[in-house]
Every structure is written in structure tokens, then in C-alpha cells.
Amino acid sequence: MLMELFILPIALVALFIIANRGWLQRNALKASLLKYAPLSGMDLLMAFGLMVLGAAVAGKWVGPVDVAQISPLARAKMSLQFQLCTHGMVALYLAIVLRYRNISLSQFGLSFPQGKQWLQGVLALVLGVPLLFGLSAMVVGVSSLLGIPSPKIGHDLLLAIRDAQTWLPLILLLLSTVVFAPLFEEIIFRGLMHNALASLLGTDHRWRVTLIGGGLFALIHVGVAWQTLPALFVLGIMLGWLYERNGSLWPSILMHAGFNAVNITVVLTLLKN
């Protein structure tokens, strides 16, 4: 409860700064630097299909397991296996599409980042994390008022990090959550799906593309505690907004990695206390 009381005022300050800068206004994305890559609705369907196929392949590879009963090292290996199968299949498909449609890395948003882009990612992280934690605190509070218990840790990988007793599983889990997940999820959700949504909805509807992309990002995380889904939806919107404003995936990757790292830090702090 003390943490919720501490984070809510900071979240309100962050929201005030964001609103005061005009970043929530309808015309905020008119200054977008993103030149949409020619990806289609079929590419969007292929991405989801390959993720489902990859999850099925990973399930066969890993076999039936009770996540609560296996060791942190086994959970780390299982996470990497699922990432390899789901994200890897989509990334391979995307690489083929970019190659044969002559879409450059610069147009896609993966050219070498400039200093300003890193600063945008850091600023978004500094303002976004308190806002997301404040939103989560509000959802947990409402859940408690309704008599619905909320887990202190809402993601299996965070539980595995909490339970890790040696360096090897901890390093593998950190690679999975702070490096691979942000990199591949941003390439897939912001890179592939955001551009594909723009082709379906129209390039003049940047906010609509960003909002629906945030919804898809939350939808793919339905396995976590439901109390975390509103924050994941808003996180997806923030990441899409960063991609639009900068025309680069790197600020989104940086914010995503930072958000995951902060979550891990909170978990380890709770464990210590």
C-alpha cells in the first residue's frame, strides 16, 4: 500500500508533463517522421499465424510441464525456446519480405540510431514508467475493493527471476526479458504490425493505428495476470507513439527494455525486503 501511495503522485506529475507538452493531442502525430513501409494486411495475418505455429512447435519441443514445479534454469531455457520459435519464425518471414520488396532498414526504422533518438527513448522511459506503475496501482486498488486478489508478481518470468538462486538462470532470464523480448517484440509489433495496420486503416489515421497496435500488444500477453493488461495496453500505445514520432524502432526498443529492467529491479527489491 505504501508503494501505491508513493507512486500515484509521481504518476500524476508524469501525466501532467505529457499532457502539457501536447503529446496526447489529436494532432500530436502530425509531426510523425515515420514513412510507412509497404507491408500489408496479409503480412499481419502471416505474423499472427507464424506466432501461433511457433507456439505449437515450442510446446512440442518443450513438452508438457508444470511451470510452477520446474527450476528457474528450466524456465529460462523454456522462455528462450518459445522466443526462438515464435519470434524467430516471424523475424525470418520479415527478413525475407524486406529483402524481396527492397524495403531498406532505414525505411523500416532499424538504421543506426542518432543521439536524439536515444534521448527520446530515455525521456519516454522516465515519464512512462511512473505512469504505467501508477495505472497498475489503480487497477490493483480497484481489484482489491471488488474483493479480487492481485498477485504481487504478475508474470511467470518475473517469478522465475525471483526464484533464481544461481547466476546462470538469472543471466538467461535477463537476456530473455531485457534483450531478446524488447528487440524482437518491437521489430514484430511496431515494425511489422504497425506498418501493416497503416496499410489497412490508412496512412492518415496514425492515432488509430497506434491504439490498435497497443491493443494487439496487450492481447499477445493474455497469459499474465489480468491486472497488468491495462498497463501493457498503454505501454503498447507509448511504444507505437515513439515509433511514429521518431521514424525509428530504437527509442521503442530502449523504452521497452528499460521498462522490463525496472520491473525486474522491483521484483528483486521486494525479494530483498
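The values are calculated or read from the model by the stated rules, or taken from the named source; none is laboratory data. Computed from a predicted structure; not experimentally measured. So basically every Cβ, Gly included, is an ideal-geometry build from the backbone, and we count neighbours across all protein chains shown.
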ask   = Given the conditions (1) part of a helix (DSSP H, G or I); (2) farther than 18 Å from Gly223 by Cβ, which single one is not true for Ala76?
value = (2)
ask   = Does region 171-180 include one or more residues that are more than 21 Å from the chain's Cα centre (by Cα) and free of Cβ contacts under 8 Å to residues at least 60 places away in the same chain?
value = no
remark   = Per the list (1) out of contact with any Pro (no Cβ under 6 Å at 6 or more places or on another chain); (2) over 30 Å from Asp163 (Cβ atoms); (3) part of a helix (DSSP H, G or I); (4) in contact (Cβ under 8 Å) with a residue 12 or more places away in the chain, residue check on Leu110 breaks on (3)
ask   = Does Val222 satisfy the criteria of being assigned to a loop (DSSP other than H, G, I, E, B) and surrounded by fewer than 21 Cβ atoms within 10 Å (Cβ to Cβ)?
value = yes
key: Verdict on Leu232 being modelled with pLDDT of 95 or more, surrounded by 17 or more Cβ atoms within 10 Å (Cβ to Cβ) and under 12 Å from the mean Cα position of the chain (by Cα)   = no
message = I need the full set of residues from region 43-73 which are in contact (Cβ under 8 Å) with a residue 60 or more places away in the chain and closer than 20 Å to Thr210 by Cα, in order please.
response = Asp43, Leu44, Ala47
